[in-house]
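Structure first, then comments.
No lab work stands behind these numbers, since they all come straight from the coordinates. Here the structure is a predicted model, which is why all the values come from computation and not from measurement. Counting neighbours? That spans all protein chains shown, and the Cβs are built from the backbone with ideal geometry, glycine included.
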Amino acid sequence: MKLLTRTNRYYLGLSATLFVLGTGLLYEGLQHALAHEVDEQLQQQRTYLTARIRRAGALPTIALPQELTIDGPTRSESLRDTVIFDPVEREPVPFRVISFPVVVRSQVHWLTLRKSLLETEDVLKVVMGVMLAVMTLLFSSLLLLNRWLSRWLWAPFRRTLQALRGFQLQQPESLALPATPIDEFSELNQAVAQLTQRVAADYRALKEFTENAAHETQTPLAIMQARLEQLVQDPELPERTLGAVQDVYRAARRLSRLHQALTLLSKIENRQFNAGVPVSLDGVVREKLRQLQDFLEDKDIEPQVTLLTPVSVTMHPALAESLVGNLLQNAVNHNVRGGLLRVNLSPAALEITNTGPELHSDPMLLLGRFRKHNAASDSPGLGLSIAEQICTYYGFSLSYAYAPAGHLHTLRVAF
């Protein structure tokens, strides 16, 4: 939920509560004031009639029976409300009534004065209608004004957010944020600019270190492998020394693969690859299967390949080859002789199923670094980790499922 929406809800909730309470209090207050005014008018008429009867010594003439009754059924002094049917309006009409005694020629007569409350109800309706209209207009104006002010006041924040979304660590220029007269947003821009400068500096230092380390270690490893290959092929090398040299050669090759895998992981995590291009993934699958043909024949595996339609995915070509290659190589290396290898490619996903060793733990744990089926394997245990990093880089989803029936391992990349 947006901040403006949440604050507007609180404002409207508080305003509505106060409006309801204020309307109720105003209604009760007006009703009480109007009733008090009617009572005062009745008391004034009583005083006037009493004085007039005392001077004239006779009862007044009744002009309107609804307003004055002489010697009616009421024989007690009171001030009350009543309802009388109006033949003109053809509906019951509320009245305020006062009854009092007067003495004319030593005889007691009871007078009843009435005053209609329709006028007070009309006044209440007018006042409440005006108040509702004013409050509705006020709420609408406040809401529109608040929305306009929020857009205007929060515009610097949105510009800063847009600049952050477009910021790339690979770009040489620093993050440029527009100036703002609002102190809080100005402080935020300064803090964000300093933070991005530090992050960019750390990124450049890490990138430089990774490139230097990759270059400086790859060359000695290549020299070691070349020299060790020469020693292994030397016919004059003693048998006892040959075994030790072969062990060192295998360790050097393993170290070289580990170095390449870690370097690739570092580049992926540091987002050092350029923007992707459309890559024909079905072509990559065919090429990788062709490269693994010798390994497949060695294990007597006949792959079942289903390529429904040509599938194009926007990726860096090297990362596409690495993703498919690591998944297929994992399916071949951990397969059994004469086992199953099924490859299904569709526009929605790439799915690779193979037979393999039995699992007793969560297969998703094997996507972590240096996790292997067999701890004694020469594999560095980074193939699936590299595949997962590539999927994360492009927003794909990599899942690992294991079916005990048949010991089937399934890796699925959803695009």
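Counting other beta carbons within 10 Å of each residue's own, what order do Ile223, Ile53 fall into, fewest first? Numbers along the way, then the final one.
Working: Ile223 11, Ile53 17.
Going from sparsest to densest Cβ surroundings: Ile223, Ile53.
Would you please report the Å³ per residue occupied by the convex hull of the alpha carbon atoms in segment 63-134?
Details: hull volume 8.1 nm³, N = 72.
It comes to 112 Å³ per residue, whole-number rounded.
What residues have an amide H closer than 5 Å to that of Ile301, excluding those fewer than 5 places away on the same chain, when H is modeled at 1.01 Å from N in the peptide plane?
For Ile301, whose amide H was placed from the backbone, the distant partners under 5 Å are Gly338.
Could you count how many Lys pairs in the chain have their Cα atoms under 30 Å apart, skipping same-chain pairs fewer than 8 positions apart?
Lysine pairs meeting both conditions in the chain amount to 9.
Counting Lys and Arg as +1 and Asp and Glu as -1, what is the net charge of the other residues whose Cβ lies under 12 Å from the Cβ of Ile301? The partial results should precede the final answer.
Numbers: positive: Lys299, Arg337, Arg342; negative: Asp294, Glu297, Asp298, Asp300, Glu302.
Result for the local shell: -2.
Enumerate by residue number the GluC sites (Glu not before Pro) in segment 298-358 meeting two conditions: DSSP loop (anything except H, G, I, E, B), and at most 14 other Cβ atoms within 10 Å of the site's Cβ. Could you put the intermediate results ahead of the total?
Values: sites: Glu321, Glu351, Glu358; in loops: Glu358.
Hits after loop and neighbour filter: Glu358.
In nm, give the distance between the simple-model label positions of Tyr27 and Leu145, each being 7 Å from the Cα along the Cα-to-Cβ direction.
2.7
Can you run phi through the Karplus equation (6.51, -1.76, 1.60; θ = phi - 60°) for segment 278-284 and list ³J(HN,Hα) in whole Hz, with x for Gly and Pro?
x, 10, 7, 6, 5, x, 5
What is the calculated FRET efficiency for Arg198 to Leu255, with r their C-beta to C-beta distance and R₀ = 25 Å, to the nearest 0.05? Display every interim value, and only then the final one.
Numbers: r = 34 Å, r/R0 = 1.36.
That pair, Arg198 with Leu255, gives E of 0.15.
Roughly how many debye, to the nearest 20, is the charge dipole of the chain about its Cα centre, given +1 on each Lys and Arg Cβ, -1 on each Asp and Glu Cβ, and no other charges? Mind dumping the intermediate values first?
Details: 41 positive and 41 negative charges, 240 e Å.
Dipole size: approximately 1160 debye.
Between Leu113, Leu340, Leu161, where does the largest GNM mean-square fluctuation fall for the chain, given springs only between Cα atoms within less than 10 Å?
Residue with maximal mean-square fluctuation among Leu113, Leu340, Leu161: Leu113.
Using the alpha-carbon atoms, what tilt in degrees (0 to 90, nearest 10) does helix 239-269 show relative to the longest principal axis of the chain?
Around 30 degrees separate the two axes.
What are the extents of the Cα atoms of segment 277-414 along their three principal axes, listed from largest to smallest and rounded to whole Å?
Reported extents, whole Å, longest axis first: 38, 29, 27.
Running a GNM on the chain with Cα contacts under 10 Å, which residue among Thr74, Thr23, Thr353 ends up with the highest mean-square fluctuation?
In this elastic network of the chain, the residue with the biggest mean-square fluctuation among Thr74, Thr23, Thr353 is Thr74.
Which three extents, in whole angstrom, do the alpha-carbon atoms of segment 3-152 cover along their principal axes, largest first?
So the extents along the principal axes, rounded to whole Å, are 84, 30, 22.
Relative to the longest principal axis of the C-alpha atoms of the chain, give the angle of the C-alpha long axis of helix 3-56, reported between 0 and 90° and rounded to the nearest 10°.
It works out to around 0 degrees.
In terms of modelled amide H atoms, which long-range or inter-chain residues lie less than 5 Å from the amide H of Asp86?
Glu91, Val93
Which whole-Hz couplings ³J(HN,Hα) result when phi for each residue of segment 132-139 is put into the Karplus expression 6.51 cos²θ - 1.76 cosθ + 1.60, θ = phi - 60°, listed in order with x for Gly and Pro?
Karplus values, whole Hz, x for Gly and Pro: 4, 5, 5, 5, 5, 4, 5, 4.
For helix 383-394, report the angle its Cα long axis makes with the longest principal axis of the Cα atoms of the chain; keep it between 0 and 90° and round to the nearest 10°.
In the chain, helix 383-394 runs at an angle near 40 degrees to the longest axis.
In terms of modelled amide H atoms, which long-range or inter-chain residues lie less than 5 Å from the amide H of Thr180?
Answer set, sorted by chain and number: none.
When the C-alpha atoms of the chain are aligned to their principal axes, what extent does each axis show, in angstrom, from largest down?
Principal extents (Cα only, largest first): 160, 57, 38 Å.
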